[in-house]
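This report concerns only the one structure given below.
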Amino acid sequence: MLLEAVIEFQCLDCGSDLITTSDKEEVLCVCRSCEREYSFKELTEESLLQLYSSYNSDGNEPELATCPFCLEESYLYYEKQCALCGETAAHECIRCGSEIPAEEISDDNLCSYCNYMQEKLMSE
């Protein structure tokens, strides 16, 4: 998915798809039309945002979510991994067995309801 997103990426300044690799150490790519430079993080985030909308029109879970580990909008929900930091999150609640929706993905392994119930029990 990340490769597809990067291939389809268009420059944020000029809209060109003439993006090429850079020989500078801190710069991953550069636009050949306007010479805008992109770091790995910026290229990854922006290309994923361009490729995926927040929610699919068919009502399924969004393909892209906020990573609970690096807090960037780079967690590929269906690949179950962050494109930036490589971390994976639980997609099934260990308490009730239900699927954890994309908007509830966290560094915990409980769905929001079970997490709420656990916090409620702990506070009593």
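Tabulated results
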item: Given (1) closer than 30 Å to Cys114 by Cα; (2) touching a strand residue (DSSP E or B) at 6+ places or on another chain (Cβ under 6 Å), index of the condition Thr66 fails; result: (2)
item: Among the candidates Leu48, Leu84, Leu71, residue that is among the aliphatic types (A, V, I, L, M) and either under 26 Å from Cys114 (Cβ atoms) or at pLDDT below 85 (or both); result: Leu71
item: Test: Cys114 is surrounded by 14 or more Cβ atoms within 10 Å (Cβ to Cβ) and either not hydroxyl-bearing (Ser, Thr, Tyr) or not in a loop (DSSP other than H, G, I, E, B) (or both); result: yes
item: Cβ-Cβ under 7 Å pairs, at least 6 apart or on other chains, region 110-121 side under 17 Å from Pro68 (Cβ atoms), far side hydroxyl-bearing (Ser, Thr, Tyr) and loosely packed, with under 14 Cβ neighbours inside 10 Å; result: Cys111/Ser98
item: Residue in region 56-75 that is more than 30 Å from Glu25 (Cβ to Cβ), aromatic (Phe, Trp, Tyr) and out of contact with any Phe, Trp or Tyr (no Cβ under 8 Å at 6 or more places or on another chain) present; result: no
item: Top-ranked residue in region 1-39 [being part of a strand (DSSP E or B) and among the hydroxyl-bearing types (Ser, Thr, Tyr); ranked as modelled with the highest pLDDT]; result: Tyr38
item: Every pair of residues 6+ apart whose Cβ atoms lie under 9 Å, when the first sits in region 18-36 and is within 14 Å of Ile7 (Cα to Cα) while the second is at pLDDT 90 or above and loosely packed, with under 12 Cβ neighbours inside 10 Å; result: Cys31/Asp13
item: Given (1) in contact with a helix residue (DSSP H, G or I) (Cβ under 8 Å, 6 or more places away or on another chain); (2) farther than 30 Å from Met117 by Cα; (3) without any contact (Cβ under 8 Å) to a residue 24 or more places away in the chain; (4) of a type in the set (D, E, K, R), number of the condition Glu4 does not satisfy; result: (3)
item: Sole exception among (1) farther than 17 Å from Phe9 by Cα; (2) not acidic (Asp, Glu); (3) not in a loop (DSSP other than H, G, I, E, B) for Gly86, by number; result: (3)
item: Any hit, region 91-101, residues being surrounded by 13 or more Cβ atoms within 10 Å (Cβ to Cβ) and touching a residue at least 40 places away in the same chain (Cβ under 8 Å); result: yes
item: Residue match in region 31-53 (condition: buried (at least 18 other Cβ atoms within 10 Å of the Cβ), of a type outside the set (D, E, K, R) and over 18 Å from the mean Cα position of the chain (by Cα)); result: yes
item: Sole residue being among the aromatic types (Phe, Trp, Tyr) and in contact with a Leu (Cβ under 6 Å, 6 or more places away or on another chain), chosen from Tyr52, Tyr77; result: Tyr52
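The values are calculated or read from the model by the stated rules, or taken from the named source; none is laboratory data. Since the structure is predicted, the reported quantities are computational estimates derived from the model, not experimental observations. Heads up, the Cβs are rebuilt from the backbone with ideal geometry, glycines too, and the neighbour counts pull from every protein chain shown.
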